[in-house]
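Enquirer: Dropping a structure here in structure tokens format, bear with me for questions.
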Amino acid sequence: MDYTIVAVAIFVIALLVVGGAFLIRPRRPQEPRPPRAGEQGREDQGAPSATAVAEREEEAGPVAVEEPPAPVEPPPVAVPIETPPPSAGRLVRLRARLARSQNVFGRGLLDLLSSDRLDEDAWEEIEDTLITADVGVTSAAQIVEGLRTKVKVLGSRTPDEVRGLLRQELIAQINPELDRTVLTGPHGDRPAVVMVVGVNGTGKTTTTGKLARVLVGDGRSVVLGAADTFRAAAADQLETWGGRVGAPVVRKDEGADPASVAFDAVARGIADGADTVIIDTAGRLHTKVGLMDELGKVKRVVEKQSQVDEVLLVLDATTGQNGLRQARVFAEAVNVTGIVLTKLDGTAKGGIIIQVQRELGVPVKLVGLGEGPDDLAPFDPEGFVDAILGSD
Ligand SMILES: Nc1nc2c(ncn2[C@@H]2O[C@H](COP(=O)(O)OP(=O)(O)OP(=O)(O)O)[C@@H](O)[C@H]2O)c(=O)[nH]1
């Protein structure tokens, strides 16, 4: 009987243990139920709930925040240093360009002078042709006067004689006696300093760069000063020019004081033992007083270290009377020592050389005959006249 009770009790306990084990078994995580129609769209449209985000993050595990890749600096490109051609013979090399642009002027005059009858109308037409080529009224009258006298003395005229007469008259007006040397040689341990002035757009920065090439081609060492601080692009432009011939460029931020750039450029020139420092100025034509102040200050500051040897005024030959007006203002503001006439390749009005020299009493020292890096030539009156008349 006792055994029966004990057996029953063991059976009941065993039952309870097995049943309890089933009852306390952990529940399997619920499979996510498929979304019902319409739910998907709502989830996508609305902002996800915090729980949903947490769940997603749990599923994805810890999120590694990827740093954006550091920008890779391109390796500096080594600009090959060029060896520009020397200045000698440049006008001869660029003669074809001069002949092409001044052909109307030269040919027109030669044709008129060669006509059988040189009556009053013909002489008037010759004078008009000279004035149209920007020779200037006074010089045109003098040239006609000289030609008339010589033609009378000569009597008959062969084409060669006509060319010879005209050549003489034009050269006399351009004045071969003027000293056209560009002073670029150092003084002991001080470099020569050349200031380049002129209105923006005349080719000032280009001329500064081209002049550096001329000098490097002639064996000089050059430092460039980007004192046109009103336009950052002008300094960039100059850096490109300098980089090509290995000439260091001193520059500052846009809007910096042009005089301080000029000062630093000269200091660099002295430290480097350079032969020449060329300073590209801004020279905005706001008012004459403003211009004087600006250029005067640059000059004064430069002169604390070295004398200013040249102040080259850059004029655009295609701007005619307007260019002359600018030239006058600059000549009053600063002591211009030479003129650079640019874009002579783009105009038949080469006579501007005569007029600008006459007006300012300053020689044309260099001429720009194209956009190419070596299209700047020392000016030579005989070479110029020969090119426009097509003679040897
Ligand atoms: N055809 C021709 N173009 C030239 C000559 N000289 C300069 N130029 C062009 O004239 C334009 C103006 O030249 P820049 O040197 O930028 O003129 P800038 O006076 O310095 O003007 P900013 O740089 O604005 O101060 C450029 O496109 C040059 O290539 C030249 O002799 N002949």
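Every number here is computed from the coordinates shown, using simple stated rules; none is lab data. The structure presented is a predicted model; accordingly, all values stated were derived computationally and were not measured. Using ideal geometry, Cβ is built from the backbone for each residue, glycine included, and neighbour counts are taken over all protein chains shown.
Enquirer: Suppose we filter LEU315, LEU295, LEU341 for residues that are in a strand (DSSP E or B), within 16 Å of the ligand (Cβ to nearest atom), out of contact with any Lys or Arg (no Cβ under 6 Å at 6 or more places or on another chain) and in contact (Cβ under 8 Å) with a residue 60 or more places away in the chain; which single one remains? Working first, answer last.
Expert: Numbers: LEU295 fails: in a strand (DSSP E or B); LEU341 fails: in contact (Cβ under 8 Å) with a residue 60 or more places away in the chain.
Answer to the check: LEU315.
Enquirer: Do we have GLY242 as over 17 Å from GLU310 (Cα atoms), buried (at least 24 other Cβ atoms within 10 Å of the Cβ) and within 16 Å of the ligand (Cβ to nearest atom) here?
Expert: Details: over 17 Å from GLU310 (Cα atoms): yes; buried (at least 24 other Cβ atoms within 10 Å of the Cβ): yes; within 16 Å of the ligand (Cβ to nearest atom): yes.
The answer is yes for GLY242.
Enquirer: Any chance segment 180-198 includes a residue that's in a helix (DSSP H, G or I) and touching a residue at least 24 places away in the same chain (Cβ under 8 Å)? Spell out how you get there, then give the answer.
Expert: Initial filter on segment 180-198 (in a helix (DSSP H, G or I)): none.
Checked segment 180-198: no residue is in a helix (DSSP H, G or I) and touching a residue at least 24 places away in the same chain (Cβ under 8 Å).
Enquirer: Quick one: in segment 346-360, which of the residues that are more than 10 Å from the ligand (Cβ to nearest atom) and in a loop (DSSP other than H, G, I, E, B) is farthest from VAL314 (Cα to Cα)?
Expert: Going through the qualifying residues, I end up with ALA348.
Enquirer: Let me ask another. Take segment 216-239 and flag every residue that is in a loop (DSSP other than H, G, I, E, B) and either under 15 Å from PRO186 (Cα atoms) or more than 10 Å from the ligand (Cβ to nearest atom) (or both).
Expert: Just the residues of segment 216-239 that are in a loop (DSSP other than H, G, I, E, B), to begin with: 218-221, 228-231.
Within segment 216-239, ASP218, GLY219, ARG220, SER221, THR229 meet the criteria.
Enquirer: Here's a follow-up. Of the residues that sit in segment 89-143 and are without any contact (Cβ under 8 Å) to a residue 12 or more places away in the chain and assigned to a loop (DSSP other than H, G, I, E, B), which one is nearest to the chain's Cα centre (by Cα)?
Expert: Ranking the candidates gives GLY89 first.
Enquirer: Among the residues of segment 361-378, write down those that are free of Cβ contacts under 8 Å to residues at least 40 places away in the same chain and either part of a helix (DSSP H, G or I) or more than 14 Å from the ligand (Cβ to nearest atom) (or both).
Expert: If the condition is that a residue be free of Cβ contacts under 8 Å to residues at least 40 places away in the same chain and either part of a helix (DSSP H, G or I) or more than 14 Å from the ligand (Cβ to nearest atom) (or both), then GLY361 is the only one that fits.
Enquirer: Give me the pairs, please: first residue somewhere in segment 204-216 and in contact (Cβ under 8 Å) with a residue 24 or more places away in the chain, second residue anywhere and within 13 Å of the ligand (Cβ to nearest atom) and acidic (Asp, Glu), beta-carbon distance under 6 Å, and either six or more positions apart or on two chains.
Expert: Close Cβ pairs satisfying both conditions: THR205/ASP280; THR208/ASP280.
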